[in-house]
(Lines give C-alpha, C1' and ligand atoms only; values in the text may rest on other atoms or scores of the structure.)
Protein backbone atom coordinates (compact mmCIF):
# COMPACT_ATOMS: atom_id res chain seq x y z
CA UNK A 1 0.00 0.00 0.00
CA UNK A 2 1.35 3.41 -0.96
CA UNK A 3 1.73 6.38 1.32
CA UNK A 4 -1.53 7.90 0.11
CA UNK A 5 -3.39 4.68 0.85
CA UNK A 6 -1.90 4.53 4.33
CA UNK A 7 -2.96 8.10 4.97
CA UNK A 8 -6.53 7.31 3.89
CA UNK A 9 -6.70 4.25 6.16
CA UNK A 10 -5.34 6.29 9.07
CA UNK A 11 -7.96 9.00 8.45
CA UNK A 12 -10.76 6.44 8.39
CA UNK A 13 -9.49 4.84 11.61
CA UNK A 14 -9.33 8.25 13.28
CA UNK A 15 -12.95 9.11 12.45
CA UNK A 16 -14.55 5.67 12.74
CA UNK A 17 -15.62 5.95 16.37
CA UNK A 18 -17.17 9.38 15.91
CA UNK A 19 -19.12 8.24 12.88
CA UNK A 20 -20.37 5.18 14.75
CA UNK A 21 -21.54 7.19 17.76
CA UNK A 22 -23.41 9.63 15.54
CA UNK A 23 -25.30 6.64 14.11
CA UNK A 24 -26.38 5.33 17.51
CA UNK A 25 -23.65 2.77 18.12
CA UNK A 26 -22.17 2.63 21.61
CA UNK A 27 -18.80 1.17 20.73
CA UNK A 28 -16.75 0.28 17.68
CA UNK A 29 -13.81 -2.07 17.20
CA UNK A 30 -11.71 -3.65 14.49
CA UNK A 31 -10.70 -7.32 14.38
CA UNK A 32 -8.36 -9.23 12.12
CA UNK A 33 -9.65 -12.21 10.14
CA UNK A 34 -7.55 -14.99 11.64
CA UNK A 35 -10.12 -16.94 13.68
CA UNK A 36 -8.43 -20.34 13.42
CA UNK A 37 -8.32 -20.70 17.20
CA UNK A 38 -12.14 -20.76 17.23
CA UNK A 39 -12.55 -23.41 14.54
CA UNK A 40 -12.27 -26.54 16.70
CA UNK A 41 -14.77 -25.25 19.23
CA UNK A 42 -17.25 -24.58 16.43
CA UNK A 43 -16.73 -28.04 14.95
CA UNK A 44 -17.15 -29.72 18.35
CA UNK A 45 -20.36 -27.77 19.04
CA UNK A 46 -21.84 -28.75 15.70
CA UNK A 47 -20.72 -32.39 16.05
CA UNK A 48 -22.54 -32.60 19.39
CA UNK A 49 -25.75 -31.49 17.67
CA UNK A 50 -26.15 -28.53 19.99
CA UNK A 51 -27.39 -26.37 17.09
CA UNK A 52 -30.61 -28.39 16.95
CA UNK A 53 -32.59 -27.74 13.79
CA UNK A 54 -30.70 -24.57 12.91
CA UNK A 55 -29.24 -26.13 9.77
CA UNK A 56 -27.84 -22.81 8.62
CA UNK A 57 -25.31 -23.03 11.47
CA UNK A 58 -23.74 -26.01 9.70
CA UNK A 59 -24.39 -25.31 6.05
CA UNK A 60 -21.53 -22.84 5.62
CA UNK A 61 -18.94 -25.08 7.26
CA UNK A 62 -15.87 -23.28 8.49
CA UNK A 63 -16.68 -20.11 6.57
CA UNK A 64 -18.10 -18.88 9.88
CA UNK A 65 -14.54 -18.82 11.21
CA UNK A 66 -12.95 -17.67 7.97
CA UNK A 67 -14.16 -14.17 7.02
CA UNK A 68 -11.87 -13.98 3.99
CA UNK A 69 -13.54 -17.08 2.55
CA UNK A 70 -17.04 -15.84 3.28
CA UNK A 71 -16.31 -12.48 1.64
CA UNK A 72 -13.19 -12.72 -0.57
CA UNK A 73 -10.85 -9.78 -0.11
CA UNK A 74 -11.76 -9.17 3.52
CA UNK A 75 -8.78 -8.21 5.66
CA UNK A 76 -10.55 -6.63 8.66
CA UNK A 77 -13.92 -6.81 10.40
CA UNK A 78 -15.38 -3.63 11.86
CA UNK A 79 -17.55 -4.65 14.83
CA UNK A 80 -20.22 -2.46 16.36
CA UNK A 81 -22.23 -2.57 19.58
CA UNK A 82 -25.72 -1.10 19.84
CA UNK A 83 -27.42 -1.00 23.24
CA UNK A 84 -31.10 -1.98 23.23
CA UNK A 85 -32.42 -1.44 26.75
CA UNK A 86 -35.49 0.77 26.13
CA UNK A 87 -35.12 4.48 26.79
CA UNK A 88 -37.92 4.28 29.34
CA UNK A 89 -36.40 1.45 31.39
CA UNK A 90 -36.52 2.52 35.02
CA UNK A 91 -34.03 1.91 37.77
CA UNK A 92 -34.72 -1.57 39.07
CA UNK A 93 -35.74 -2.81 35.63
CA UNK A 94 -34.39 -6.29 36.42
CA UNK A 95 -36.67 -6.56 39.47
CA UNK A 96 -39.61 -5.65 37.29
CA UNK A 97 -38.72 -8.46 34.90
CA UNK A 98 -38.36 -11.02 37.71
CA UNK A 99 -41.78 -10.04 39.07
CA UNK A 100 -43.32 -10.58 35.67
CA UNK A 101 -41.73 -14.01 35.35
CA UNK A 102 -43.23 -14.89 38.74
CA UNK A 103 -46.77 -13.95 37.60
CA UNK A 104 -48.01 -17.06 35.73
CA UNK A 105 -50.93 -15.39 33.97
CA UNK A 106 -48.75 -12.69 32.44
CA UNK A 107 -46.84 -13.12 29.17
CA UNK A 108 -43.09 -12.50 29.04
CA UNK A 109 -41.48 -11.41 25.79
CA UNK A 110 -37.71 -10.99 25.68
CA UNK A 111 -36.76 -7.34 26.13
CA UNK A 112 -34.95 -7.05 22.81
CA UNK A 113 -38.09 -8.14 20.92
CA UNK A 114 -40.47 -5.54 22.38
CA UNK A 115 -39.39 -2.86 19.93
CA UNK A 116 -38.49 -2.66 16.27
CA UNK A 117 -36.74 -5.54 14.50
CA UNK A 118 -33.06 -5.03 15.28
CA UNK A 119 -32.01 -6.56 11.96
CA UNK A 120 -33.49 -3.59 10.14
CA UNK A 121 -32.16 -0.98 12.54
CA UNK A 122 -28.58 -2.24 12.56
CA UNK A 123 -28.39 -3.08 8.88
CA UNK A 124 -29.40 0.43 7.85
CA UNK A 125 -27.00 2.08 10.27
CA UNK A 126 -24.10 -0.22 9.45
CA UNK A 127 -24.60 0.56 5.77
CA UNK A 128 -24.61 4.26 6.66
CA UNK A 129 -21.30 3.69 8.46
CA UNK A 130 -19.90 2.01 5.35
CA UNK A 131 -21.07 5.00 3.29
CA UNK A 132 -19.18 7.35 5.63
CA UNK A 133 -16.02 5.28 5.12
CA UNK A 134 -16.49 5.44 1.36
CA UNK A 135 -16.72 9.23 1.47
CA UNK A 136 -13.14 9.26 2.75
CA UNK A 137 -11.64 6.10 1.25
CA UNK A 138 -13.51 6.03 -2.03
CA UNK A 139 -15.13 2.82 -3.30
CA UNK A 140 -14.01 -0.15 -1.23
CA UNK A 141 -14.98 -3.79 -0.85
CA UNK A 142 -17.32 -4.41 2.04
CA UNK A 143 -20.35 -6.33 3.24
CA UNK A 144 -22.66 -5.61 6.15
CA UNK A 145 -23.87 -8.34 8.52
CA UNK A 146 -26.48 -8.24 11.26
CA UNK A 147 -27.09 -11.73 12.57
CA UNK A 148 -27.78 -12.56 8.94
CA UNK A 149 -24.91 -14.79 7.84
CA UNK A 150 -22.42 -17.29 9.22
CA UNK A 151 -20.47 -14.85 11.39
CA UNK A 152 -18.81 -15.66 14.74
CA UNK A 153 -20.09 -12.48 16.33
CA UNK A 154 -19.01 -13.08 19.93
CA UNK A 155 -15.55 -14.16 18.81
CA UNK A 156 -15.12 -11.05 16.69
CA UNK A 157 -16.47 -8.88 19.50
CA UNK A 158 -13.89 -10.34 21.87
CA UNK A 159 -11.01 -9.91 19.44
CA UNK A 160 -11.95 -6.31 18.68
CA UNK A 161 -12.39 -5.22 22.30
CA UNK A 162 -16.18 -4.85 22.27
CA UNK A 163 -16.48 -7.34 25.13
CA UNK A 164 -15.62 -10.83 26.25
CA UNK A 165 -17.56 -14.05 25.81
CA UNK A 166 -19.53 -14.69 28.97
CA UNK A 167 -20.17 -18.14 30.38
CA UNK A 168 -23.68 -17.94 28.89
CA UNK A 169 -21.91 -17.54 25.47
CA UNK A 170 -23.15 -13.95 24.98
CA UNK A 171 -20.78 -11.02 24.63
CA UNK A 172 -20.28 -9.02 27.83
CA UNK A 173 -18.98 -5.50 28.31
CA UNK A 174 -17.73 -3.85 31.50
CA UNK A 175 -19.38 -0.63 30.34
CA UNK A 176 -22.64 -2.06 29.01
CA UNK A 177 -23.36 -5.53 30.34
CA UNK A 178 -24.89 -7.77 27.67
CA UNK A 179 -28.02 -5.90 26.66
CA UNK A 180 -26.75 -5.01 23.22
CA UNK A 181 -26.78 -6.14 19.61
CA UNK A 182 -23.69 -6.80 17.52
CA UNK A 183 -23.16 -5.95 13.88
CA UNK A 184 -20.22 -6.26 11.52
CA UNK A 185 -18.83 -4.71 8.37
CA UNK A 186 -16.36 -6.92 6.51
CA UNK A 187 -13.89 -4.59 4.76
CA UNK A 188 -10.90 -4.83 2.45
CA UNK A 189 -9.16 -1.91 4.16
CA UNK A 190 -6.18 -2.76 6.44
CA UNK A 191 -7.48 -0.74 9.38
CA UNK A 192 -5.47 -0.95 12.62
CA UNK A 193 -6.97 -3.57 14.92
CA UNK A 194 -8.19 -2.63 18.38
CA UNK A 195 -6.95 -4.50 21.49
CA UNK A 196 -8.97 -7.59 22.50
CA UNK A 197 -11.14 -7.64 25.61
CA UNK A 198 -10.19 -9.51 28.77
CA UNK A 199 -12.70 -11.79 30.48
CA UNK A 200 -14.17 -10.67 33.80
CA UNK A 201 -16.58 -13.45 34.78
CA UNK A 202 -14.23 -14.86 37.40
CA UNK A 203 -15.79 -17.65 39.44
CA UNK A 204 -19.36 -16.45 38.91
CA UNK A 205 -21.78 -19.13 37.68
CA UNK A 206 -25.03 -17.18 38.10
CA UNK A 207 -26.06 -17.65 34.47
CA UNK A 208 -25.55 -21.43 34.61
CA UNK A 209 -27.43 -21.70 37.89
CA UNK A 210 -30.46 -19.66 36.82
CA UNK A 211 -31.13 -21.20 33.40
CA UNK A 212 -34.63 -22.73 33.67
CA UNK A 213 -33.88 -25.63 31.32
CA UNK A 214 -30.17 -26.06 32.15
CA UNK A 215 -29.32 -25.22 28.55
CA UNK A 216 -25.92 -23.82 29.59
CA UNK A 217 -24.45 -27.24 30.20
CA UNK A 218 -20.99 -25.93 31.11
CA UNK A 219 -19.25 -22.54 31.10
CA UNK A 220 -19.18 -21.22 27.52
CA UNK A 221 -21.16 -24.23 26.23
CA UNK A 222 -24.81 -23.93 25.26
CA UNK A 223 -27.08 -26.73 24.11
CA UNK A 224 -29.46 -24.69 21.98
CA UNK A 225 -31.94 -27.57 21.89
CA UNK A 226 -32.75 -26.86 25.55
CA UNK A 227 -32.63 -23.06 25.33
CA UNK A 228 -36.00 -21.34 25.66
CA UNK A 229 -34.99 -18.73 23.09
CA UNK A 230 -34.34 -21.53 20.60
CA UNK A 231 -37.50 -23.43 21.53
CA UNK A 232 -39.81 -20.41 21.20
CA UNK A 233 -38.20 -18.85 18.12
CA UNK A 234 -36.05 -21.20 16.04
CA UNK A 235 -37.64 -24.59 16.75
CA UNK A 236 -40.40 -25.30 14.21
CA UNK A 237 -42.02 -28.39 15.70
CA UNK A 238 -43.50 -29.62 18.96
CA UNK A 239 -41.70 -28.43 22.09
CA UNK A 240 -40.40 -31.46 24.04
CA UNK A 241 -42.87 -32.25 26.82
CA UNK A 242 -40.18 -32.48 29.48
CA UNK A 243 -39.17 -28.88 28.79
CA UNK A 244 -42.64 -27.35 28.64
CA UNK A 245 -43.16 -26.96 32.42
CA UNK A 246 -39.75 -25.27 32.68
CA UNK A 247 -40.69 -22.54 30.23
CA UNK A 248 -43.07 -20.78 32.61
CA UNK A 249 -44.72 -17.77 30.97
CA UNK A 250 -41.93 -17.07 28.47
CA UNK A 251 -43.61 -16.85 25.07
CA UNK A 252 -40.80 -15.35 22.97
CA UNK A 253 -37.20 -15.65 24.02
CA UNK A 254 -35.70 -15.75 27.51
CA UNK A 255 -33.63 -13.17 29.39
CA UNK A 256 -32.91 -15.03 32.64
CA UNK A 257 -29.16 -15.44 32.13
CA UNK A 258 -28.91 -11.72 31.43
CA UNK A 259 -31.19 -10.59 34.25
CA UNK A 260 -29.06 -12.43 36.80
CA UNK A 261 -25.70 -11.26 35.41
CA UNK A 262 -24.00 -8.76 37.75
CA UNK A 263 -22.54 -6.87 34.81
CA UNK A 264 -25.99 -5.82 33.63
CA UNK A 265 -26.16 -3.25 36.38
CA UNK A 266 -24.15 -1.29 33.80
CA UNK A 267 -26.56 -1.98 30.93
CA UNK A 268 -27.21 1.22 29.03
CA UNK A 269 -30.43 2.65 27.67
CA UNK A 270 -30.57 2.92 23.92
CA UNK A 271 -30.43 6.46 22.54
CA UNK A 272 -32.82 5.35 19.77
CA UNK A 273 -36.64 5.25 19.90
CA UNK A 274 -36.57 2.05 17.78
CA UNK A 275 -36.18 -0.17 20.86
CA UNK A 276 -38.88 1.45 22.97
CA UNK A 277 -41.49 -1.04 24.18
CA UNK A 278 -44.46 -1.46 21.89
CA UNK A 279 -47.80 -1.92 23.56
CA UNK A 280 -48.76 -4.37 24.85
CA UNK A 281 -45.61 -6.52 24.57
CA UNK A 282 -44.19 -5.33 27.87
CA UNK A 283 -47.33 -5.86 29.91
CA UNK A 284 -49.86 -8.20 28.32
CA UNK A 285 -51.63 -11.14 29.90
CA UNK A 286 -51.62 -14.56 28.25
CA UNK A 287 -55.35 -14.27 27.63
CA UNK A 288 -54.90 -10.92 25.90
CA UNK A 289 -52.31 -12.30 23.48
CA UNK A 290 -54.26 -15.53 22.94
CA UNK A 291 -57.20 -13.46 21.73
CA UNK A 292 -55.21 -12.12 18.76
CA UNK A 293 -56.43 -13.40 15.43
CA UNK A 294 -53.81 -14.06 12.78
CA UNK A 295 -54.63 -10.70 11.17
CA UNK A 296 -54.19 -8.93 14.49
CA UNK A 297 -50.95 -10.80 15.14
CA UNK A 298 -49.59 -9.61 11.79
CA UNK A 299 -50.74 -6.05 12.45
CA UNK A 300 -49.36 -5.92 15.99
CA UNK A 301 -45.99 -7.40 15.01
CA UNK A 302 -45.39 -5.37 11.86
CA UNK A 303 -41.72 -4.34 11.89
CA UNK A 304 -41.10 -6.58 14.92
CA UNK A 305 -38.76 -9.58 15.14
CA UNK A 306 -41.70 -11.58 16.53
CA UNK A 307 -43.48 -11.66 13.19
CA UNK A 308 -40.98 -14.06 11.64
CA UNK A 309 -42.09 -17.00 13.82
CA UNK A 310 -45.62 -16.73 12.45
CA UNK A 311 -49.00 -17.03 14.17
CA UNK A 312 -48.89 -20.83 14.55
CA UNK A 313 -45.65 -20.90 16.58
CA UNK A 314 -46.84 -17.87 18.54
CA UNK A 315 -49.99 -19.78 19.55
CA UNK A 316 -47.92 -22.90 20.30
CA UNK A 317 -45.78 -20.88 22.72
CA UNK A 318 -48.82 -19.27 24.32
CA UNK A 319 -50.53 -22.62 24.80
CA UNK A 320 -47.51 -23.91 26.75
CA UNK A 321 -47.46 -20.81 28.92
CA UNK A 322 -51.20 -21.10 29.53
CA UNK A 323 -50.79 -24.73 30.60
CA UNK A 324 -48.08 -23.65 33.02
CA UNK A 325 -50.32 -20.93 34.43
CA UNK A 326 -53.09 -23.49 34.96
CA UNK A 327 -50.62 -25.80 36.73
CA UNK A 328 -49.50 -22.90 38.93
CA UNK A 329 -53.05 -22.27 40.06
CA UNK A 330 -53.29 -18.83 38.48
CA UNK A 331 -56.47 -16.91 39.31
CA UNK A 332 -57.38 -16.94 35.61
CA UNK A 333 -57.00 -20.73 35.32
CA UNK A 334 -60.67 -21.33 34.48
CA UNK A 335 -60.69 -18.61 31.82
CA UNK A 336 -57.45 -20.01 30.38
CA UNK A 337 -58.99 -23.49 30.10
CA UNK A 338 -62.07 -22.13 28.40
CA UNK A 339 -60.02 -20.03 25.95
CA UNK A 340 -57.93 -23.05 24.99
CA UNK A 341 -60.90 -25.40 24.65
CA UNK A 342 -62.88 -22.93 22.55
CA UNK A 343 -60.40 -23.05 19.67
CA UNK A 344 -58.99 -26.54 20.13
CA UNK A 345 -60.81 -28.18 17.23
CA UNK A 346 -60.23 -25.33 14.76
CA UNK A 347 -56.52 -24.98 15.51
CA UNK A 348 -53.52 -26.10 13.46
CA UNK A 349 -52.31 -29.60 14.39
CA UNK A 350 -49.15 -28.23 16.06
CA UNK A 351 -51.13 -25.81 18.19
CA UNK A 352 -53.78 -28.45 18.96
CA UNK A 353 -51.11 -30.79 20.36
CA UNK A 354 -49.96 -28.11 22.79
CA UNK A 355 -53.53 -27.16 23.70
CA UNK A 356 -54.23 -30.79 24.58
CA UNK A 357 -51.15 -30.84 26.79
CA UNK A 358 -52.15 -27.58 28.47
CA UNK A 359 -55.64 -28.85 29.22
CA UNK A 360 -54.19 -31.84 31.08
CA UNK A 361 -52.35 -29.61 33.53
CA UNK A 362 -53.62 -29.47 37.10
CA UNK A 363 -52.82 -27.20 40.01
CA UNK A 364 -51.20 -29.03 42.94
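Screening 274, 223 for residues that are farther than 16 Å from residue 97 by Cα and at pLDDT below 95 leaves exactly one candidate, 223.
Residues that are in a helix (DSSP H, G or I) and in contact (Cβ under 8 Å) with a residue 40 or more places away in the chain within the range 212-230 comprise 224, 225, 229, 230, listed in sequence order. Inside the range 168-202, can you point out the residues that are surrounded by fewer than 16 Cβ atoms within 10 Å (Cβ to Cβ), touching a residue at least 12 places away in the same chain (Cβ under 8 Å) and farther than 14 Å from residue 78 by Cα? Matches in the range 168-202: 174, 175, 198, 199, 200. Checked against the criterion of being touching a residue at least 60 places away in the same chain (Cβ under 8 Å), within 22 Å of residue 107 (Cβ to Cβ) and buried (at least 22 other Cβ atoms within 10 Å of the Cβ), the range 263-272 contains not a single residue that satisfies it. Put simply, of 240, 245 the only residue that is more than 15 Å from the chain's Cα centre (by Cα) and either on the phi > 0 side of the Ramachandran plot or not in a loop (DSSP other than H, G, I, E, B) (or both) is 245.
Every residue, every condition in (1) within 27 Å of residue 333 (Cα to Cα); (2) within 19 Å of the chain's Cα centre (by Cα); (3) in a helix (DSSP H, G or I), yes or no:
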position: 191; (1), (2), (3): no, no, no
position: 208; (1), (2), (3): no, yes, yes
position: 264; (1), (2), (3): no, yes, yes
position: 274; (1), (2), (3): no, yes, yes
position: 282; (1), (2), (3): yes, yes, no
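Taken over the range 153-167, the criterion of being in contact with a helix residue (DSSP H, G or I) (Cβ under 6 Å, 6 or more places away or on another chain) and crowded, with 24+ Cβ neighbours inside 10 Å is satisfied by 163 alone. Considering the range 288-303, the residues that are touching a residue at least 24 places away in the same chain (Cβ under 8 Å) and surrounded by fewer than 18 Cβ atoms within 10 Å (Cβ to Cβ) include one that is nearest to the chain's Cα centre (by Cα), namely 303. Residues in the range 203-214 that are over 21 Å from residue 104 (Cβ atoms) and crowded, with 21+ Cβ neighbours inside 10 Å: 207 only. The numbered conditions (1) within 20 Å of the chain's Cα centre (by Cα); (2) touching a residue at least 60 places away in the same chain (Cβ under 8 Å); (3) surrounded by fewer than 20 Cβ atoms within 10 Å (Cβ to Cβ); (4) outside any loop (DSSP other than H, G, I, E, B) are all true for residue 116 except (4).
Under the condition of being within 14 Å of residue 289 (Cβ to Cβ) and part of a helix (DSSP H, G or I), which residue from the range 325-338 is farthest from the chain's Cα centre (by Cα)? Ranking the candidates gives 335 first. Please count how many residues of the range 130-149 are within 15 Å of the chain's Cα centre (by Cα) and under 19 Å from residue 72 (Cβ atoms). The number of residues fulfilling the criteria is 3. When the range 88-99 is filtered for residues that are surrounded by fewer than 17 Cβ atoms within 10 Å (Cβ to Cβ) and part of a helix (DSSP H, G or I), the ones remaining, listed by number, are 95, 96, 98, 99. The residues in the range 1-25 that are modelled with pLDDT under 95 and in contact with a strand residue (DSSP E or B) (Cβ under 6 Å, 6 or more places away or on another chain) can be counted, and the count is 0. Search the range 339-364 for residues being more than 30 Å from the chain's Cα centre (by Cα) and part of a loop (DSSP other than H, G, I, E, B), and hand back the single one that is surrounded by the fewest Cβ atoms within 10 Å (Cβ to Cβ). The selected residue is 364.
The values are calculated or read from the model by the stated rules, or taken from the named source; none is laboratory data. This structure is a prediction, so every number in the text was calculated from the model and none was measured. Reconstructed Cβ throughout: ideal geometry from the backbone, glycine too, with neighbour counts over all protein chains shown.
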